[in-house]
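What follows is a short report on a single structure.
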Amino acid sequence: MQTKQTDRRISSMNKKIVIVALLLASGLAAFAKTPAYIDIELGGGAMMMPYETNDYGMFSGGSFDLGAKYSLLFHPRKGWGANFGVNFSTFQGTKVLKGHLESPSIDNRGRTYTLIADINNWTERQQQYSISIPINIFYQKQRPRHSGWFTSFGVKLYLPLYTGYKVTQGDLITKGWYEQWGGTMFEQLPQHGFGQFNTLLPSGENQANFLLTGQVMFGAILRLDKKNEMYVAIYAEHGFYDMYINKDAKPLFTTIESLDSYQYNGYYSSLATRTIPIMFGLKIGWRFKDVHDCNCIRQQ
């Protein structure tokens, strides 16, 4: 069932992407004789969520982008322009959980109890794959037959394709405390899910938002020949809201009906607080000049 829902969500997103691309393409048809570039761009760097307020510290990892941009110059000499693109983007990183957790639970006979979990080096790796659409205003300073520099600012929309986690290592010790039985503590009963577990390495999916970020970039343009340029730039992005959805927070661990094991719900479905991302890094691009063949970008 979950797979079907995921497939429907991805299909709906793909339709939206196609509609947006068609609208942009039709809008640009009026600029057939406007100075324009096409850029192939590769970028990557650090990604973090520094606003989390719990005991586990901020999330940190890496980000990666690969895509293409279409750039229009408003005037061939003044340097102002706009661009948009389509990228394949990924986020990856890890959370290491340590500590003592207690959460109310219900066993398979409907009895309430407190699930106690002691966690040691529980390493949860996060991955997200997205289609991203950057839209920017840029300014470039460049003389004919020379290199130059540019800066840009704008927004970037991330359409998540898959967001998931996988636990790669760690130890878990679980106990059950029943208040109605005079505070009886059950432990070392693996047949009921109580004891030490170091082979339980679960994986699953998180629910992610459509993410909108603000972005700025500054870089150098390197002239290769009459038809090609490269650029190297530094960039920074900041999210406008939380990246992960956590409307109905769950305990980190919950029982399943058989009471002989536990369902792990994932850090970002249970303990996460603020998940506003910040990203920064380096981008390298290859620029094809004068794609409309109007010979109006610069003197050759």
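Residue ranking by accessible heavy-atom surface, 1.4 Å probe, largest first, among Leu224, Leu115 comes out as Leu224, Leu115.
Cβ-Cβ distance of Thr273 and Ala220, R₀ of 45 Å, FRET efficiency by 1/(1 + (r/R0)^6): the value works out to about 0.70. Near Thr114, once Lys and Arg are set to +1 and Asp and Glu to -1 for all other residues with Cβ below 12 Å from its Cβ, the sum equals -1. In region 77-142, a dipole from Cβ-located charges (positive for Lys and Arg, negative for Asp and Glu) runs towards its positive end, and of Leu101, Tyr129, Tyr113 it is Tyr129 whose Cα lies farthest in that direction.
Each other residue within a Cβ distance under 15 Å of Asn87 adds +1 if Lys or Arg and -1 if Asp or Glu, for a net charge of -1.
Any chance you could look up the accessible area of Trp177 with a 1.4 Å probe, heavy atoms only, rounded to 10 Å²? Roll a 1.4 Å probe over it and Trp177 shows about 90 Å². Each Lys or Arg adds one and each Asp or Glu subtracts one; over the other residues with Cβ under 9 Å from the Cβ of Lys175, this totals -2.
The values are calculated or read from the model by the stated rules, or taken from the named source; none is laboratory data. Bear in mind that the values here come from a model prediction, so they are computed numbers and not experimental data. Note that each Cβ is placed from the backbone with ideal geometry, even for glycine, and that neighbours are counted across all protein chains shown. We work out accessible area using only protein heavy atoms, side chains counted, and drop any ligands, DNA or RNA first. Shrake-Rupley method; radii C 1.70, N 1.55, O 1.52, S 1.80 Å.
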